[in-house]
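The values are calculated or read from the model by the stated rules, or taken from the named source; none is laboratory data. This structure is a prediction, so every number in the text was calculated from the model and none was measured. Positions of Cβ are backbone-derived with ideal geometry, glycine not excepted, and every protein chain shown enters the neighbour counts.
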Amino acid sequence: MNQNLHYEIHEFKFGKLKYIYPVISRRLGGLSVGINLVNYCNWDCVYCDAPKTVNNESPPQKIDLELLEKELNEVLTLIITHKFKIKSKLKSITVAGNGEPTLCNEIGEVFKIIANARKKYSLSSDVKTLLITNGSRLEEEIIQNAIRILATINGEVWFKIDSIIESSIKRINRTRVNAANILNSIEVISRICNLYIQTCFFKFNNTLPSEAETCEYLIFLSSIKNFIKGVYLYTSSRKPFASEEDVRIEPASLEYLQELNSKILQLGIKSKFFK
Ligand code: SF4
């Protein structure tokens, strides 16, 4: 098995493993054991090349829980016994991957497997368990029950909100979500588990978000500050499909992210930014 890990490349494959992919995470500042449950998404973000579901419908998803557990144990054994070439501290077990993980109805079982592994390898509270999600199913009971398990294993939910304006959500995430749904999910999930907002800022066809749009975003953050633990800002790194000639995506500058980060901090909200 190739045990080289790189900072820049987040491949969702590691050797012959189907579900588990260790990466060096810039955001977490160390090693993260990724779990890729589904290879498709019900959204179609302009900066993302994850395969999309047809007509916004998710095909039935069955995962091999036994195999997932075996692979997780295999990779954790490699880490615990210092077999990786890059020496980096384990920071998290992250349910994310090449698509939207909550499209897997067995996600609660996956959190139970992680709970067992955390116990088996005596992982300390320095190691988080993360769910990175677009939030589209957070209003559903099956997902909320799964998050109840996540909350017991040093869990955090990282909820993607790139804009709070419906027309922009349609343009960036190419889906239909309204602010009322987002707010409802935030209120419900924050009562169950630690909740962070993660937002991707970038240049879309040479243009950064307008001042009015950024202002709306800041007002929204201010309104939910008692529900969230913090905000993570980042910029685009994955390339969109090459066939989309009319869509030009470029990363936002470090200065831009830094300035925005300062404005969020001024609201009394913890915030970090990543290039
Ligand atoms: S960025 Fe996340 S929500 Fe958007 S299309 Fe990719 S996987 Fe889906």
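Below are the figures for this structure:
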{"quantity": "Considering residues of region 15-47 that are without any contact (Cβ under 8 Å) to a residue 60 or more places away in the chain and outside any loop (DSSP other than H, G, I, E, B) only, the residue farthest from the ligand (Cβ to nearest atom)", "calculated": "L17"}
{"quantity": "Members of region 81-125 found to be modelled with pLDDT under 90 and either within 16 Å of the ligand (Cβ to nearest atom) or among the hydrophobic types (A, V, I, L, M, F, W, C) (or both), listed by number", "calculated": "F84, I86, G97, N98"}
{"quantity": "Residue match in region 181-193 (condition: in contact (Cβ under 8 Å) with a residue 60 or more places away in the chain, within 26 Å of K52 (Cβ to Cβ) and not acidic (D, E))", "calculated": "no"}
{"quantity": "Strands (runs of 3 or more DSSP E) within region 191-275 that include 2 or more residues crowded, with 19+ Cβ neighbours inside 10 Å", "calculated": "194-200, 230-234, 271-273"}
{"quantity": "Output for region 144-185, where each listed residue is assigned to a loop (DSSP other than H, G, I, E, B), touching a helix residue (DSSP H, G or I) at 6+ places or on another chain (Cβ under 9 Å) and within 16 Å of the ligand (Cβ to nearest atom)", "calculated": "I161, D162, S163, I164, T175, R176, V177"}
{"quantity": "Residue within region 226-234 that is at pLDDT 95 or above, over 21 Å from F274 (Cα atoms) and polar (S, T, N, Q) present", "calculated": "yes"}
{"quantity": "Condition met for S243 (out of contact with any strand residue (DSSP E or B) (no Cβ under 8 Å at 6 or more places or on another chain) and either over 25 Å from N98 (Cβ atoms) or modelled with pLDDT of 95 or more (or both))", "calculated": "no"}
{"quantity": "Hits in region 182-223 - residues which are of a type in the set (V, I, T), under 19 Å from the mean Cα position of the chain (by Cα) and more than 16 Å from K272 (Cβ to Cβ)", "calculated": "I182, I186, V188, I189, I192"}
{"quantity": "Breaking point among (1) surrounded by 14 or more Cβ atoms within 10 Å (Cβ to Cβ); (2) small (G, A, S); (3) over 27 Å from L28 (Cβ atoms), for A151", "calculated": "(3)"}
{"quantity": "Residues of region 104-127 satisfying the condition of being under 16 Å from K91 (Cα atoms) and part of a loop (DSSP other than H, G, I, E, B)", "calculated": "Y121, S122, L123, S124, S125, D126, V127"}
{"quantity": "Number of the condition not met by Y196 [criteria: (1) touching a helix residue (DSSP H, G or I) at 6+ places or on another chain (Cβ under 7 Å); (2) more than 14 Å from the ligand (Cβ to nearest atom); (3) not acidic (D, E)]", "calculated": "(1)"}
{"quantity": "Residue list for region 71-97, filter: among the hydroxyl-bearing types (S, T, Y) and buried (at least 16 other Cβ atoms within 10 Å of the Cβ)", "calculated": "S88, S92, T94"}
{"quantity": "In region 98-131, the residues that are surrounded by fewer than 23 Cβ atoms within 10 Å (Cβ to Cβ) and either of a type in the set (D, E) or within 18 Å of N184 (Cα to Cα) (or both)", "calculated": "E106, E109, D126"}
{"quantity": "Unique match (being part of a helix (DSSP H, G or I) and either within 13 Å of the ligand (Cβ to nearest atom) or under 21 Å from the mean Cα position of the chain (by Cα) (or both)) among L68, L130, L138, L78", "calculated": "L68"}
{"quantity": "Options I63, I86; residue that is aliphatic (A, V, I, L, M), assigned to a loop (DSSP other than H, G, I, E, B) and under 17 Å from P22 (Cα atoms)", "calculated": "I86"}
